[in-house]
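The values are calculated or read from the model by the stated rules, or taken from the named source; none is laboratory data. As the structure is a prediction and not an experimental result, all values here were calculated from the model. Here Cβ is always computed from backbone atoms with ideal geometry, including for glycine, and neighbour counts include all displayed protein chains. Protein only, heavy atoms only, side chains kept; ligands, DNA and RNA dropped before computing areas. Shrake-Rupley method; radii C 1.70, N 1.55, O 1.52, S 1.80 Å.
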Amino acid sequence: MATVSAANSNAPARLWQVPTFLVGLAAFLAVWQGWVPISARDPASAFLGDLAALRTASEKLAPDREELKTLLDRTAKQAEAYPEHAPLAHFIIGSGYVRVAESTNNPTEALTFWHLARQHFEGVKASQLGDPLDPPRLAFRSAKARAATLPANTSAADVNLTRFFLANIPLGEPPGDAHRLNAELALRLNPPDAVGARTHLTAYVAEASLTTPPDSIARAKLRLSEVHLLLGEPEKARDWLEQIKDAPADVMLSRSAQLARLLMSDGKWDKAAQEWSAVRNAKGVSPELKSMAAYYLGQCYTRIEPADRVAAYTMFEEAARSEGPEGGAAAVRRAELLLALDDAAKHAEAGQILVAAAARLCGPAGYANPLLPVNEAQATYELALQLLQKDGTFETAAAVADAYTSIATGDRAREKRAELLSAWGESLKKDGGAFQQKLTAAADEYLKLAEEQMRTEGKADLLRRAAKLYRQAENPAAAVVAMEQVLKLPDLNDATLGPVWLDYAEALVAAKRPEEVIPAFNRAMAAGGPSSITARYKLARSLLDTQNTQLAPLGLALLEQAAGQTSVGPGDAMTHELALVELSLEYFRRGSFAEAESRLSVSLSRYPTGAEAGFARLLKGTCLLQLAATKRKPEDPEPENAPQLRADALALFERVVTDIEQREKAGTASDRDRWLWTQASLRICMTYLQLNKTTEVLKAAAPVIQRCRGTVDELIALSIIYHAQKLDDRKELMLQTRDRMRELFEELKNKPGAFRDKSGDYSREHWETTWFSDPAKK
């Protein structure tokens, strides 16, 4: 008895240890199985009965949607009123909303139910569910609700985790929208998992149940068509589109849009344009689809023959107002059309458009516009930078370069910015502006690029660019430091080492460290290869440019060495020609006309069509004129070969003029060519004068006067005409010519920059002292 009593006394204690949720579950099951009469139900029992009914309705193969909604409305309001039943209630109610969402035709309405399902699932943990089959169902069903409601900025890791749960369908559980949602998540990845999307969408269509809304199936087929097109499978895309019949208006419009895309992929731009135009103008078309149609219609207009760029621009302008991906893509396409015009103002407008568009093309993880391939966007930004630099619109170009940072790959944006700053600085220097800051900033950018460069050769090249820009920015000390960094690099190859020492020596010259210059140039020349001739030439040029009388002989000797090379490779040909011509010029300045003419003959023999050939002929002809006039004593007669020397000089000058006029006709003449034409033409006039061919002087001077009106060159041509008239004793014409010269001189005196030299024919002093100091002087 004692034993029994003891046992009985312990029974209540064990009963109180039963978990509360099991007591609730027992009551729930009692109502569900009909053990407790309905008439005896209290509010809690009624709630549990409704939950039981909701669960039963939700788990039917073909649930009654209206019944589900009625039960959901009744139970959802009371879920928090019975905390002891809350976990199970949230699970059942969330599951009910999932079934309602999956059976709802309207995507917007369905989204509301997905949000409600997610809210209820978030109120329950798997450990709170008593049925061992429910935790995997919770994981799967809540994954569907999350997939349907994930925000746009969800990370790729969270997207893939949700996809994992969606793929693990519990035994006996209908997949419902799992495949469709998995496919949508696959397409949100960057890059999109198009293959995975195709697999899941195909499964969704194939496994659709009787409760799957036909409209949802139609939308899935439409999406499948898009995925096949993304995978480059246009025929399969067409097959799915042909299966879409009697779908809602928005689906049918999207179907038409997809057919238009397929026509574009086939290159049938005219037909595609007709389809897109029909979609854009259709009654009831959504704003999103209308702007998308405008974007693609713009693309079609640029591809049809002949292209209608005006209409394309109008369509891109319309699409650019959209907040969707077509908005950013259309903005870039607008810029492309503006950049294609030969109009600096339009280029600047395009630059402003690109600056504003950059933020629309990118997401948190980088470039994210599905309609505009990143390489095409990059090409447009780089074209804009190129044209804006060419136009001299540097402020806008700088803004484009900053915007390009979010789109460019790797260090490309920094590289383009360095190029821009370099061009900007050079432009300012040419125009007499404050160029140092821009060139220094460009050099700084190259230093930063060098820090990121792993290859020795690449790092050396970037540091050398920085050093060159520092020299141009008149900061030779910084150039020396940059070159010293290059010399510290390990494993520089022989082809690079010579030019590196050469650049270092030039930096030392600019930094005025003469005691280190010669050893550095010796190292450059010792390296051999292309740098040897270049080293001698550059050292010679640097020494001669110092105008130091002690360094000049060494500079001339090095120039002789560079010019005197007999074995010259293609890489050194340009430098060798330059050395020959500049050596000749140095001899010419020293009055050694025979030496100069000899070197020029070598240059023209080896490089008859070289870059310096025109100047070489001009200088050689001038040397011949000087030799023709050379006398030992003033009273001595001219050399016997003077007429022949002048005839040879005339032929050289005429060759210069002919070559340049041919380039002018071809549209390839440069500013230097035009200068050479003027100088050669004036010398033709002078040569005819020395040959006493006064009629030819007047003929030769006419085109010079016509081209060079209002310049010192016209004044020089008139002076030669004056002397020709003097030889012919045409005093009246002489006076008329001199009056014209005086009038022109008076005009030029008040014209800034008209006289560019301090002495000689192009100086003001020459004309004042030689011609017009005394009105009676002739």
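Straightening the chain between S127 and D73 buys 16.8 nm, computed as 0.36 nm per residue apart minus the Cα-Cα spacing. Under the shape rule built on the C-alpha gyration tensor, where the axes satisfy a ≥ b ≥ c, the stretch 339-388 is prolate, since a/c reaches at least 1.5 and a/b is greater than b/c.
The slack between K631 and V374, meaning 0.36 nm per residue of separation minus the straight C-alpha distance, is 85.1 nm. Every Cα-Cα pair in the chain was counted, and those over 46 Å apart are 55% of them.
Report the trypsin sites (Lys or Arg not before Pro) located in the stretch 669-737 that are in a DSSP loop and have at most 12 other Cβ atoms inside 10 Å of their Cβ, or state none.
Hits after loop and neighbour filter: R709.
For the chain, the relative contact order comes to 3 percent (Cα pairs under 8 Å, sequence separation of at least 6).
Using DSSP to define loop residues, name the GluC sites (Glu not before Pro) in the stretch 625-723 whose beta-carbon has at most 10 other beta-carbon atoms within 10 Å.
E635, E640
I need the calculated FRET efficiency for the pair A356 and E415, taking r as the beta carbon distance and R₀ as 22 Å, to the nearest 0.05. FRET efficiency, A356 to E415: 0.40. What list of ³J(HN,Hα) couplings, whole Hz, do you get for the stretch 260-273 from phi and the Karplus terms 6.51, -1.76, 1.60, once you set θ to phi - 60° and write x for glycine and proline? Once θ is set to phi - 60°, the couplings for the stretch 260-273 become 5, 4, 5, 5, 5, 5, 8, x, 8, 5, 5, 5, 4, 4 Hz. Accessible surface area normalised per residue over the stretch 55-205 is 46 Å², counting heavy atoms of protein chains with a 1.4 Å rolling probe.
Can you compute the FRET efficiency between N105 and N153 using 1/(1 + (r/R0)^6), with r the Cβ-Cβ distance and R0 = 25 Å? Round to the nearest 0.05.
E between N105 and N153, to the nearest 0.05, is 0.30.
Site pair S265 and E746 shows an inter-label distance of 8.1 nm when each label is modelled 7 Å from Cα along Cα→Cβ. Accessible area per residue for the stretch 418-530, computed on protein heavy atoms with a 1.4 Å probe, is 49 Å². Averaged over every viewing direction, what's the projected area of the C-alpha convex hull for the stretch 89-133? Give it in nm², one decimal, please. Result: a mean projected hull area of 3.1 nm². Compute the long axis of helix 178-188 from its Cα atoms, compare it with the longest principal axis of the Cα atoms of the chain, and write down the angle in degrees, 0 to 90, nearest 10. It is inclined by approximately 20 degrees.
When only the Cβ of Lys, Arg, Asp and Glu is charged (+1, +1, -1, -1), the dipole of the chain relative to its Cα centre reaches about 400 debye. Oblate is the label for the stretch 530-670. Its Cα gyration tensor axes, ordered a ≥ b ≥ c, give a/c of at least 1.5 and b/c at or above a/b. Peptides 366-374, 747-755, ordered by how many other C-beta atoms sit within 10 Å of their residues on average, highest first, read 366-374, 747-755.
Rounded to whole numbers, the Karplus 3J(HN,Hα) couplings from phi for the stretch 465-473 are 4, 4, 4, 4, 5, 4, 5, 5, 7 Hz, using 6.51 cos²θ - 1.76 cosθ + 1.60 with θ = phi - 60°, and x at Gly and Pro. Per atom type, the chain shows carbon and sulfur on 53% of its accessible surface, probed at 1.4 Å. Annotation: lysines with alpha-carbon distance below 19 angstrom to K416 (same-chain offsets under eight excluded): K390, K438, K448, K459, K468. Applying 0.36 nm per residue to the separation of T695 and Q243 and subtracting their alpha-carbon distance, the gain on full extension is 153.6 nm.
D by Stokes-Einstein for the stretch 472-533, Kirkwood Rh over Cα pairs, 20 °C, 1.002 mPa s: 184 µm²/s.
Between the beta carbons of L189 and D494, assuming R0 = 51 Å, the FRET efficiency works out to 0.55 to the nearest 0.05. For K69, which lysines qualify as cross-link partners when the Cα separation must be under 26 Å and same-chain residues fewer than eight apart are set aside? Correct list for K69: K60, K77, K125, K144. Using a/c under 1.5 as the rounded threshold, could you call the stretch 45-154 rounded, prolate or oblate? The axes a ≥ b ≥ c are square roots of the C-alpha gyration tensor eigenvalues, and prolate needs a/b larger than b/c, oblate otherwise. It is oblate, given that a/c is not under 1.5 and a/b is not larger than b/c. Sorting 388-401, 104-117 by their mean Cβ neighbour count within 10 Å, with the most densely packed peptide first, gives 388-401, 104-117. Look at the dipole of the chain built from charges on Cβ: of A562, N375, P248, the Cα furthest out on the positive end belongs to A562. Projecting the Cα atoms of T154, A76, T104 onto the dipole axis of the stretch 60-212, where Lys and Arg carry +1 and Asp and Glu carry -1 at the beta carbon, places T154 farthest toward the positive end. Computed about its Cα centre, the charge dipole of the stretch 656-697 is approximately 60 debye, with only Lys, Arg, Asp and Glu carrying charge at their Cβ. Site pair V310 and E484 shows an inter-label distance of 6.5 nm when each label is modelled 7 Å from Cα along Cα→Cβ. Each principal axis of the Cα atoms in the stretch 573-636 has its own extent, and those three values, largest first, are 45, 17, 14 angstrom.
Within the stretch 168-300, the proportion of Cα pairs with more than 18 Å between them is 58 percent. In loop segments of the stretch 164-249 as defined by DSSP, the trypsin sites (Lys or Arg not before Pro) with at most 12 further C-beta atoms inside 10 Å of their C-beta are K245. The residues of the stretch 611-722 present an accessible area of 49 Å² per residue when probed at 1.4 Å with all protein chains retained. Note on K245: aspartates and glutamates with a C-alpha under 14 Å away, same-chain residues under 8 apart excluded, are D215.
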